[in-house]
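Scroll down for the structure; my scribbles are underneath it.
The values are calculated or read from the model by the stated rules, or taken from the named source; none is laboratory data. What you see is a predicted model; the values in this text were computed from it and never measured. Neighbour counts run over all protein chains shown; Cβ positions are idealised from the backbone, glycine included. Side chains are part of the model used for accessible areas, which takes the heavy atoms of the whole protein and leaves out ligands, DNA and RNA. Shrake-Rupley method; radii C 1.70, N 1.55, O 1.52, S 1.80 Å.
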Amino acid sequence: MAKTVSLTLPLTRAALADLEAGDEVLLSGPVYTMRDAGHERALQCLEDTGRLPFDLEGATLFYAGPTPAAAGRPLGSVGPTTASRMDFATPALFEAGIVAAIGKGKRSPEVVRSCQETGSVYLCTVGGIAALLAKSVTESELVGWEDLGTEALRKLTLKDFPTYVAVDTKGGDLYREIEKPQKN
């Protein structure tokens, strides 16, 4: 039975162990935005130094490219990017210390397996409501890769940001569950 949980970031893998696919999770605290180009740079940094850049160990990544501040808020809008675009890098980033990722859409079998092997989770949030999601962002700070524009690495501070567990630490996969034929 799905439950609603409020969690404070940064998360520990121990805190993630009790989550199950389908649980609603309200997140508060720091999260880092990163998309395709940022993933390539993070992988390059791992290859060059053996570590994640910007002390991202233990962090949660949000696959998003926030818009500039608007309406008196730190961001105009911030919506999830299709997560499968980051599948090429996710297992390596989870192994290097990232504990969770937020996006939209299902993940590859390799990412699901990586969640099990590393004790990480993939959270999804609703696409198409980026202006509404921005209301859950209380602060936004540029951390690195400013040359990437909206894809720059940003630290956002969240307050009750709505997500759902799409892939849990045991390999439960919300997207694949809903694809299964219903039994009468």
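May I ask you to say which residue of L43, L75, L133 is under 17 Å from the mean Cα position of the chain (by Cα), open to solvent by less than 20 Å² (accessible area, probe 1.4 Å) and touching a residue at least 12 places away in the same chain (Cβ under 8 Å)?
Sole residue among the options that is under 17 Å from the mean Cα position of the chain (by Cα), open to solvent by less than 20 Å² (accessible area, probe 1.4 Å) and touching a residue at least 12 places away in the same chain (Cβ under 8 Å): L133.
Yes or no: P66 of a type outside the set (A, V, I, L, M), crowded, with 16+ Cβ neighbours inside 10 Å, under 25 Å from E110 (Cα atoms) and modelled with pLDDT under 95?
no
Conditions (1) under 12 Å from the mean Cα position of the chain (by Cα); (2) among the acidic types (D, E), marked per residue:
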site: D23; (1), (2): no, yes
site: L26; (1), (2): no, no
site: A64; (1), (2): yes, no
site: S108; (1), (2): no, no
site: C115; (1), (2): no, no
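L19 - would you say it is over 16 Å from A130 (Cβ atoms), open to solvent by less than 40 Å² (accessible area, probe 1.4 Å) and assigned to a helix (DSSP H, G or I)?
Details: over 16 Å from A130 (Cβ atoms): yes; open to solvent by less than 40 Å² (accessible area, probe 1.4 Å): yes; assigned to a helix (DSSP H, G or I): no.
Taking the combined requirement at face value, the residue does not satisfy it.
Could you check A96 against (1) surrounded by fewer than 22 Cβ atoms within 10 Å (Cβ to Cβ); (2) farther than 14 Å from T60 by Cα and say which number it fails?
The one condition A96 does not meet is (2).
May I ask you to list pairs of residues, at least six apart or on different chains, whose Cβ atoms are under 8 Å apart, with the first in the range 1-17 being within 22 Å of G171 (Cβ to Cβ) and the second being open to solvent by 70 Å² or more (accessible area, probe 1.4 Å) and modelled with pLDDT of 95 or more?
A2/E20; K3/E20
K155: within 23 Å of Q44 (Cα to Cα), touching a Leu at 6+ places or on another chain (Cβ under 9 Å), basic (K, R) and open to solvent by 60 Å² or more (accessible area, probe 1.4 Å), yes or no?
Yes, satisfied.
With respect to S114, is the statement that it is open to solvent by less than 60 Å² (accessible area, probe 1.4 Å), in contact with a helix residue (DSSP H, G or I) (Cβ under 6 Å, 6 or more places away or on another chain) and more than 23 Å from D23 (Cβ to Cβ) true?
no
Is it fair to say R176 is open to solvent by less than 10 Å² (accessible area, probe 1.4 Å), closer than 22 Å to P91 by Cβ and of a type in the set (D, E, K, R)?
no
Within 14 Å of the chain's Cα centre (by Cα) and under 21 Å from L27 (Cα atoms): which single residue out of V143, V99 fits that description? Step through it out loud before you land on a result.
Working: V143 fails: within 14 Å of the chain's Cα centre (by Cα).
Just a single option satisfies the conditions, and that option is V99.
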